[in-house]
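Take a look at the structure below.
The values are calculated or read from the model by the stated rules, or taken from the named source; none is laboratory data. This one's a predicted model, so the numbers in the text were calculated from it and none came from an experiment. Positions of Cβ are backbone-derived with ideal geometry, glycine not excepted, and every protein chain shown enters the neighbour counts. Accessible surface is based on the protein model in full, side chains and every heavy atom, while ligands, DNA and RNA are left aside. Shrake-Rupley method; radii C 1.70, N 1.55, O 1.52, S 1.80 Å.
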Amino acid sequence: MWARRLSPRLSCQTRRSPRAGRLVNPVPVARGCDIQVSGKLGTMPAKSFLQLRREVTESPFTAYPSGGKALLGSPKRLDNCRHGYGLEVRDATGQTTCAYCGESLVDDYRHWLLVAVDHVVPSSEGKRLRIPRQFIGDFINLVLCCSGCNGFGNRYHVADEPPSEWTLEDFVALRDRIFAERYRLIAARREGEQAFYEKSWRP
Ligand SMILES: [Zn+2]
């Protein structure tokens, strides 16, 4: 059963781009979450505060080979997420939790049914900004996530002017910034949906 998170308190840390020396978009940092475990379908051990904070504050890419900064190749089995490219993302990156909400996607069958793969820099934006397809389709631009989070953040528009020629370093910087922004947006959407659920659906 899902652990419900009530009112996660997010703050933002502003950081400076080491390359350009300018302020870049804020990175969301969870100060703490109240956790409530409930449900009729079963129980899941409550996660400790430190476990949960680690899950929701770290970029998933730091755990990828080469810190997610070197190309890893792209999925080959594109016809089915759970049987194909989702499994390939897990094997290439070691990721097993939703990149946005931190829930395990492998600890039981019901969670596994929610497995989705998200392009952090969306494919449509990659095409518009003339980012090399090799970068957009690489494992370093893919994260596992739950179908709920995947539906919350898939209309993302990049406002930046693209460089005349993309380097891998440019792309990784853009990916990290977009991930942080989408993480914040998806957390807000989840909170709004939870309020609707509490009001309209909860038995
Ligand atoms: Zn999720």
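Observations, loosely collected:
- Relative contact order (%) - the range 58-200, alpha-carbon pairs under 8 angstrom, separation at least six: 25 percent
- Rounded, prolate or oblate (a/c below 1.5 giving rounded, otherwise prolate when a/b exceeds b/c) for the range 140-186 by Cα gyration tensor: prolate
- Only Lys, Arg (+1) and Asp, Glu (-1) charged, at Cβ; the range 58-200 dipole about Cα centre in debye: 340 debye
- Loop-located GluC sites (Glu not before Pro) in the range 123-176 whose Cβ has at most 12 other Cβ within 10 Å (DSSP): E165
- A simple spin-label model places the labels of S147 and Q134 3.6 nm from each other, with each point 7 Å out along Cα-to-Cβ.
- Atom-type composition of the exposed protein surface of the range 58-200 places 51 percent of the accessible area on carbon and sulfur (1.4 angstrom probe).
- W112, W166, ranked by accessible area, largest first (probe 1.4 Å): W112, W166
- Cα-based shape type of the range 58-200, given that a ≥ b ≥ c are square roots of the gyration tensor eigenvalues and the cut on a/c is 1.5: oblate
- Extended-chain gain in nm, criterion 0.36 nm per residue less alpha-carbon gap, Q194 and T62: 44.6 nm
- For peptides 61-70, 171-180, 193-202, sequence by mean Cβ density within 10 Å, most packed first: 171-180, 61-70, 193-202
- Ordered from highest to lowest accessible area with the whole protein assembly present and a 1.4 Å probe, Y100, Y156 read as Y156, Y100.
- Accessible surface, per residue, of the range 58-200 when the full set of protein chains is kept, probe 1.4 Å, Å²: 52 Å²
- Each label was represented as a point 7 Å from its Cα along the Cα-to-Cβ direction; for Y109 and R202 these points are 2.9 nm apart.
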